[in-house]
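Just below is one structure, and these are the notes that go with it.
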Amino acid sequence: MHAKIPLLPSYPTLCYIRYNWATAITIAKRRGDEIPREYRVNERIRILEVRLVDEEGGQLGVMPTREALRISEQRGLDLVEVAPAASPPVCRLMDYGRFMYEANRREREARKVRKSKATNELREVRFKTRIGEHDRNAKTRRVKRLLDEGSKVKVSVMFRGREMDHPEIGMNLLRTVASDLVDDALLERRPGFEGRFLTMVLAPNSKDKSTQSGKELKGAEA
């Protein structure tokens with residue numbers, strides 16, 4: 001007897017699973033992890049038999065893969081392997097093109113939601129007083145990317161030991177960063193010390209406004 005396999009999730013739930021899979025791939029790429037595989041579809045399914053579930057979620061039982069492919073062709077649908085770890089693997093009849101379309105649409109909507117919520121987030125990018133020009137430019141580009149995503153950014157300069165005796169170094173660094181972002185940011189909080197960090201907070205600048213962050217920083221005092 002075959003082990004009892006629970007009913008597969010509904011179509012919207014599968015779309016959600018697909019979205020999580022796409023998100024996992026993005027994270028894995030950034031971290032250098034092994035990339036999860038995609039679903040196998042139609043002729044890419046090489047196993048001899050499968051447990052078939054129809055487009056409504058009904059169980060059609062275990063059958064040869066060729067028979068499952070024949071049924072999918074008769075119904076004008078795709079055969080998609082949704083549970084490869086089961087014994088035998090579980091396949092479902094669905095419109096895979098629609099499945100992908102819905103998954104991409106959900107992903108776009110999720111990005112919009114994340115971007116709208118990002119305005120309430122405060123992200124931080126830290127600089128060192130002895131930072132090289134290349135590293136400074138790289139971190140400035142990161143600040144710009146966060147601003148473009150809708151986040152506010154705390155730009156911090158970290159002081160160590162006797163560097164606290166020269167706050168002008170940090171102030172000059174913040175002025176340089178603000179100057180580089182003059183078209184992208186608004187100065188929400190003027191520079192000030194928080195312990196050993198000299199910080200300022202930048203907010204995204206709408207395209208129809210001109211920022212005053214660079215000008216304000218020039219007159220700011222550490």
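The values are calculated or read from the model by the stated rules, or taken from the named source; none is laboratory data. Remember, predicted model here, so these are calculated numbers, not experimental data. All Cβ positions, even for glycine, are placed from backbone atoms using ideal geometry, and neighbour counts span all protein chains on display.
Within segment 104-120, the set of residues being modelled with pLDDT under 75 and surrounded by 12 or more Cβ atoms within 10 Å (Cβ to Cβ) comprises R114, K115, A118, T119. Screening V125, V155, V177 for residues that are within 14 Å of P204 (Cα to Cα), of a type outside the set (S, T, Y) and surrounded by 16 or more Cβ atoms within 10 Å (Cβ to Cβ) leaves exactly one candidate, V155. The residues of segment 117-157 that are polar (S, T, N, Q) and either within 19 Å of the chain's Cα centre (by Cα) or farther than 18 Å from V182 by Cβ (or both), listed by number, are T119, N120, T129, S151, S156.
Remark: E34 falls outside the filter, which requires a residue to be surrounded by 11 or more Cβ atoms within 10 Å (Cβ to Cβ), assigned to a loop (DSSP other than H, G, I, E, B) and at pLDDT below 85. For segment 70-85, a residue qualifies if it is closer than 17 Å to R40 by Cα and not in a helix (DSSP H, G or I), and the qualifying residues are L77, D78, L79, V80, E81, V82, A83, P84, A85.
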